[in-house]
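All remarks here apply to the structure that follows.
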């Protein structure tokens with residue numbers, strides 16, 4: 001039987017990095033919880049609906065469901081119900097893909113683009129307010145460091 005854990009690391013910075021991770025997680029969860037509440041209260045919507053519209057807003061010609069799932073990094077099953085409800089609300093439309101009877105493109109309607117623009121402006125204002133204690137240059141520096149971290153983690157992933 002193989003062990004699933006390693007012996008403690010001798011690096012004294014190890015504990016500080018663990019604390020840093022926990023602070024990242026706590027801050028991320030707090031921001032996400034506030035965004036979810038704001039979307040619910042102000043737009044009677046959800047963060048997953050916002051995420052789907054945000055993804056589609058970047059692709060004017062639309063995306064196949066599999067592409068949308070890929071952009072959002074979730075399964076097709078997770079996206080289908082959200083897409084169904086957004087379509088029922090007239091915010092997105094499904095369009096057949098020429099030459100592929102099984103596939104459909106999903107794209108935002110004019111009403112969907114207008115609604116997303118309203119929500120995106122509010123979202124930006126909420127984030128700005130939550131992170132107001134960071135100057136523009138501090139935000140840029142932290143974002144750069146997090147981008148470097150993400151790149152480093154991607155390189156380490158098999």
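The values are calculated or read from the model by the stated rules, or taken from the named source; none is laboratory data. In this text the structure is predicted, and so the values were computed from the model without any measurement. Don't worry about glycine lacking a Cβ; one is built from the backbone with ideal geometry, like all the others, and counts go over all protein chains shown.
A compact table of results
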read-out	value
So residue 104, is it assigned to a helix (DSSP H, G or I), more than 26 Å from residue 143 (Cβ to Cβ) and more than 16 Å from the chain's Cα centre (by Cα)	no
Selection from segment 126-138 of residues that are part of a helix (DSSP H, G or I) and surrounded by fewer than 13 Cβ atoms within 10 Å (Cβ to Cβ)	128, 129, 136, 137, 138
Residue within segment 7-14 that is surrounded by 10 or more Cβ atoms within 10 Å (Cβ to Cβ), modelled with pLDDT under 95 and more than 21 Å from the chain's Cα centre (by Cα) present	yes
Residues of segment 112-121 that turn out to be out of contact with any helix residue (DSSP H, G or I) (no Cβ under 6 Å at 6 or more places or on another chain) and surrounded by 13 or more Cβ atoms within 10 Å (Cβ to Cβ), as a count	4
From the options 74, 83, 79, residue that is under 16 Å from residue 47 (Cα atoms) and part of a loop (DSSP other than H, G, I, E, B)	74
Residue in segment 69-77 that is in contact (Cβ under 8 Å) with a residue 40 or more places away in the chain, loosely packed, with under 14 Cβ neighbours inside 10 Å and over 16 Å from the mean Cα position of the chain (by Cα) present	no
Leading residue by the ranking (surrounded by the most Cβ atoms within 10 Å (Cβ to Cβ)) among those in segment 57-68 that are under 17 Å from residue 112 (Cα atoms) and free of Cβ contacts under 8 Å to residues at least 40 places away in the same chain	68
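To keep it simple, each residue is scored yes or no on (1) in a helix (DSSP H, G or I); (2) surrounded by fewer than 14 Cβ atoms within 10 Å (Cβ to Cβ).
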site	(1), (2)
18	yes, yes
23	yes, yes
26	yes, yes
42	yes, yes
48	yes, no
55	yes, no
90	no, yes
93	no, no
